[in-house]
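The values are calculated or read from the model by the stated rules, or taken from the named source; none is laboratory data. Please read all numbers here as calculations on a predicted model, not as lab measurements. Cβ placement follows ideal geometry from the backbone for every residue including glycine, while neighbour counts extend to all protein chains displayed. Each accessible area value is taken on the protein alone, full model and side chains, heavy atoms only, with ligands, DNA and RNA left out. Shrake-Rupley method; radii C 1.70, N 1.55, O 1.52, S 1.80 Å.
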Amino acid sequence: MRNDSALSVGWCPGALRPMMSGDGLLVRIKPRGGELTLHQAAILAALAERFGNGDVELTGRGNLHLRGIADTGLHALTDELSRLALLDPTPEAEAVRNVVSNPFAGYDPDAVFDGRAAVADLTDRLVDDPALWRLPAKFAWVVDETTNHRLADVAADVRFEAVAQPGHGRFAIRLAGAEPGIWAECATGEIAEAASALASSFLGFCGEQGIVPHRMRDLAGRCGAEPILSRAGLAVRRGAVVSLDATHRLPIGLGRYGASFWMGLAPPF
């Protein structure tokens, strides 16, 4: 008989640190840049059948869950994930690698610039810098440079949104819980440095305030967004952001961007 009180709840599982649930271990997989190749997708489906209950769940942040994994199959499963380049070097790096990017990045002809390199830079910094592993496991970043199907409804602690300056390649930086009209800015090539400085500022203020690091919204509500941005060495800007014109229709069905076709599906949640 299993003691349900011993199950771990209320934290974020991963592939290196799975969570026990009612039907076995839950393994969360975080595809980099929110992308899978057709080969990776086919192998993941086979692994779900081989090691779990066959289900593959899609999360609100674009991660995948394999469920019903037995303890005896976990090591073999992680070996397979490593071969697919879907495993992080440490559980700590895996826990903080929470970057949500637009699925149309690199495919939207109306985008001001291609933000995939910026997403890769931010992701690599989170994985490679142990100082950032102190961030809370739910701390999330959004990188959005497209004009079609913006990520305005995706919750995040820090948002990098393209500014309407064609040819300049700059992001507006918004903090969750910030006062209206308070923001900062960085170039696409500066996103990793800006994120690292903001993380250091967030953790520093939490330590000085004597609070357990939780979410940016809580800290900004307590001490304001301007001191957090300033401590990160970012010039505080005031007023409305010159944002991109954006469409907000759901990307369901078949569409086309230039020579590329896409299909939008809406699984039940």
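Side notes on the structure shown:
- There is at least one residue in segment 72-87 that is at pLDDT below 95, more than 25 Å from V119 (Cα to Cα) and open to solvent by less than 20 Å² (accessible area, probe 1.4 Å).
- Qualifying residue in segment 105-113 (condition: at pLDDT below 95 and under 16 Å from the mean Cα position of the chain (by Cα)): yes
- T146 being of a type in the set (S, T, N, Q), out of contact with any Leu (no Cβ under 6 Å at 6 or more places or on another chain), open to solvent by less than 40 Å² (accessible area, probe 1.4 Å) and modelled with pLDDT of 95 or more: no
- Test: residue in segment 200-220 that is more than 21 Å from the chain's Cα centre (by Cα), among the aliphatic types (A, V, I, L, M) and in a strand (DSSP E or B): no
- All of A184, A120, A192 fail the test of being more than 30 Å from I252 (Cα to Cα) and either free of Cβ contacts under 8 Å to residues at least 60 places away in the same chain or open to solvent by 40 Å² or more (accessible area, probe 1.4 Å) (or both), apart from A184.
- Odd one out for A162, checked against (1) at pLDDT below 95; (2) in a helix (DSSP H, G or I); (3) open to solvent by less than 60 Å² (accessible area, probe 1.4 Å); (4) within 26 Å of G62 (Cβ to Cβ): (2)
- Scanning segment 40-71 for residues that are in contact (Cβ under 8 Å) with a residue 40 or more places away in the chain and either surrounded by fewer than 15 Cβ atoms within 10 Å (Cβ to Cβ) or in contact with a Gly (Cβ under 7 Å, 6 or more places away or on another chain) (or both) gives L58, G60, G62, L66, R67, G68, I69, A70, D71.
- Against the test of being of a type outside the set (G, A, S), in contact (Cβ under 8 Å) with a residue 60 or more places away in the chain and surrounded by fewer than 21 Cβ atoms within 10 Å (Cβ to Cβ), the options D114, D157, D129, D110 yield a single qualifying residue, D129.
- Among the candidates L175, L135, residue that is under 16 Å from the mean Cα position of the chain (by Cα) and either under 18 Å from R61 (Cβ atoms) or surrounded by fewer than 18 Cβ atoms within 10 Å (Cβ to Cβ) (or both): L135
- Answer residue from segment 208-227, given it is within 17 Å of V96 (Cβ to Cβ) and open to solvent by 40 Å² or more (accessible area, probe 1.4 Å) and is modelled with the highest pLDDT among those: R215
- The residues of segment 160-213 that are out of contact with any Ser or Thr (no Cβ under 8 Å at 6 or more places or on another chain) and among the basic types (K, R) amount to a single one, R174.
- Flag if A178 is part of a strand (DSSP E or B), within 20 Å of W141 (Cβ to Cβ) and at pLDDT 90 or above: no
- Count - residues of segment 52-74 that are assigned to a strand (DSSP E or B) and at negative phi: 8
- Every residue from segment 89-116 that is among the polar types (S, T, N, Q) and more than 19 Å from V127 (Cα to Cα): N102
- Test result for S260, modelled with pLDDT under 80, touching an Asp or Glu at 6+ places or on another chain (Cβ under 9 Å) and surrounded by 10 or more Cβ atoms within 10 Å (Cβ to Cβ): no
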